[in-house]
Amino acid sequence: MGFESGVGIAAEIRSGRLKAADHLAGVFAGIKARNPGVNAFVSLTESRALDEAKAVDASVAAGRDPGPLAGVPFAVKNLLDVKGLTTLAGSRINRDLPAASADSPLISRLNAAGAVLVGTLNMDEYAYGFSTENTHYGPTRNPHDPERIAGGSSGGSAAAVAGGLVPITLGSDTNGSIRVPSSLCGIFGLKPTYGRLTRAGSFPFVASFDHVGPFGRSSADLAAAYDAMQGPDPRDPVCRPGPAEPVGSQLRLGTEGLRIARAGGYFEANAEKAVAELVKSACAALGATRTVEVPEAGRARAAAFVITATEGSQLHLANLRKRADDFEPMIRDRLLANTMVPAAWYVQAQRFRRWYYAEVMKLFSEVDVILAPATPRPATKIGQDTMTINGVEMLSRPNMGLLTQPVSFIGLPVAAVPIGMLDGLPVGMQVICAPWREDLCLRVCAVLEKMGVAKFTPPKEQP
Amino acid sequence: MERAQPDPALIDEAFVRRAAALQGIVLTDGQLPGVIANLQRTAQIAASVNEFPLDQVVDEIGPVWRP
């Protein structure tokens, strides 16, 4: 028990061969046994989960459709509202806020599909980080090596899936916070197009870049969760109006006819050679021989940094005035400094974003899919301050997102897929497509999975 | 139009104390070194964006980003 797929669990429960409540008991036993080794969960929702599981079992017994994710346990990054719990967003400060009065609509939609919420997950404070070394709640540990980071900011979401605690989790991605932990924990993650999934009921970070998306151990589980969460929501001003565009039925369409290219230039220069070689192998398996250069990707990363600094700090200005020392020590001084970023830098970065978007769209008139490494290297050690990439020493925490920031900067859909192990540590690849083409991202994932090029590798020792 | 480049050397104790005060923030001595270092780093990173030539009209930002 522990590494079953979400869709597999749902099939068993839908058929009546497995009771959701029975399965849930095993899930909580597994979480209690393994969580101390990874520190992924911050809270459990046992009573609520049992009610939800019993409702699924009652539906099956009555001959009603319990939903495509019937009885599938899931957990959420603790920046999503869960009714009755305070939305901590990894902070100490938010403990002073009242409990959420309603669930995030994404949780409600997963519940409506039959999934069962089992708890909330650790993260970098206010999503500002790539390592989940959270001083208030302790670091989340990588299931493949507990001395190493799980990535962040959705580190708990990735570790819970990679450690076999739950099959599906939700996280958020502003600059790479789904793709970085997916890569470092060796699982699948989907950052949909900006505006695809509602952000209502989630604690924000940078309004210009915030996304929410799922983690799983297969493309089928990603697609099932993603499809269940789609749909318009007037409570989020950037959420796309119009009907859902389900992708689950398209996973078997293959990649024939798709123009697939590898990102060279910046994306190759900022990844360790061994990581770049794994991406090249994945491209070769897909028959992709073309290399493209994403124009000004380095400047895009810089502009994302400036916009993040400005919007992220302004969000917390009131608390920075009143109680700066209650912030996470690793981000306190950064947030304070960010309040002083001149408006001219911010506006220039936003204007550059418009230019960059137009240039990247030209690229998507020539190709359908761009493949790039998700992180410069596998996981660093907890407490490690610097890393060296291709001979260049740099701060490890902010630079783990070097390769993800130029992509989320303009809201492109990206799937992160595990493409190999380096010295026992996983590393992932980004499958990047044009806006609203999550279907292509997941089709490529499914093909790579079928070929055995992309796969989840369980940790050698269970946490 | 040429844009003035941020000079990290301009970001010193006097500057950050005044800039913080403008925002209603009083920096402690313990916060000061980290704040200066972080703002200097951001200035270096912002420089590459600030020097990039853009068309002032075409490259207007939008209030709601819809890719």
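So the values come out like this:
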read-out: Distance between the range A:1-49 and the range A:302-355 - C-alpha centres, whole angstrom; value: 39
read-out: Mean Cα-pair separation over length for the range A:69-185, i.e. relative contact order, pairs under 8 Å, 6 or more apart, %; value: 26
read-out: Within the protein assembly as shown: Cβ-based charge dipole about Cα centre, in debye rounded to nearest 20 (Lys, Arg +1; Asp, Glu -1); value: 560
read-out: Rounded FRET efficiency, nearest 0.05, which uses the C-beta distance separating A:E245 from A:D96 and R0 of 41 Å; value: 0.55
read-out: Order by protection proxy (mean Cβ within 10 Å, highest first), peptides A:139-146, A:20-27, A:195-202; value: A:139-146, A:195-202, A:20-27
read-out: Cβ-Cβ FRET estimate between B:D7 and B:I61, R0 fixed at 35 Å, reported to 0.05; value: 0.85
read-out: Filter on A:K273/A:K460; A:K83/A:K191; A:K77/A:K362; A:K19/A:K460; A:K32/A:K450; A:K77/A:K450 - keep pairs with C-alpha separation over 27 Å; value: A:K77/A:K362; A:K19/A:K460; A:K32/A:K450; A:K77/A:K450
read-out: Amide N of the range A:246-266 lying under 19 Å from the label point, which is placed 7 angstrom from the Cα of A:E293 along Cα→Cβ; value: A:261-266
read-out: Antiparallel DSSP beta bridges within the protein assembly as shown, percent to nearest 5; value: 70
read-out: A:A58-B:Q44 pseudo-label distance in nm [points 7 Å out on the Cα-to-Cβ vector]; value: 6.1
read-out: Length-normalised contact order for chain A - Cα pairs under 8 Å, 6+ apart - percent; value: 18
read-out: Residue among A:A343, A:P373, A:A61 farthest towards the positive dipole end of the protein assembly as shown, charges placed on Cβ; value: A:A61
read-out: ³J(HN,Hα) computed for each position of the range A:108-116 - Karplus, 6.51 cos²θ - 1.76 cosθ + 1.60, integer Hz, glycine/proline x; value: 4, 5, 5, 4, 5, 7, x, 6, 10
read-out: Global size of the protein assembly as shown as Cα Rg and Dmax, reported in angstrom; value: 22.0, 72
read-out: Burial order of peptide ranges A:386-397, A:287-298, A:303-314 (average beta-carbon count within 10 Å, highest first); value: A:303-314, A:287-298, A:386-397
read-out: Net charge of neighbours whose Cβ lies under 13 Å from the Cβ of A:A40, counting Lys and Arg as +1 and Asp and Glu as -1; value: +4
read-out: Karplus-derived 3J(HN,Hα), 6.51/-1.76/1.60, for each residue of the range A:6-11, Hz, glycine and proline x; value: x, 5, x, 4, 4, 4
read-out: Peptide A:344-354 - average C-beta neighbours from other chains (10 Å radius); value: 6
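Each reported figure results from applying straightforward, stated rules to the coordinates on display, with no laboratory input. These numbers were taken from a predicted model, which means no experiment stands behind them. Here Cβ is always computed from backbone atoms with ideal geometry, including for glycine, and neighbour counts include all displayed protein chains.
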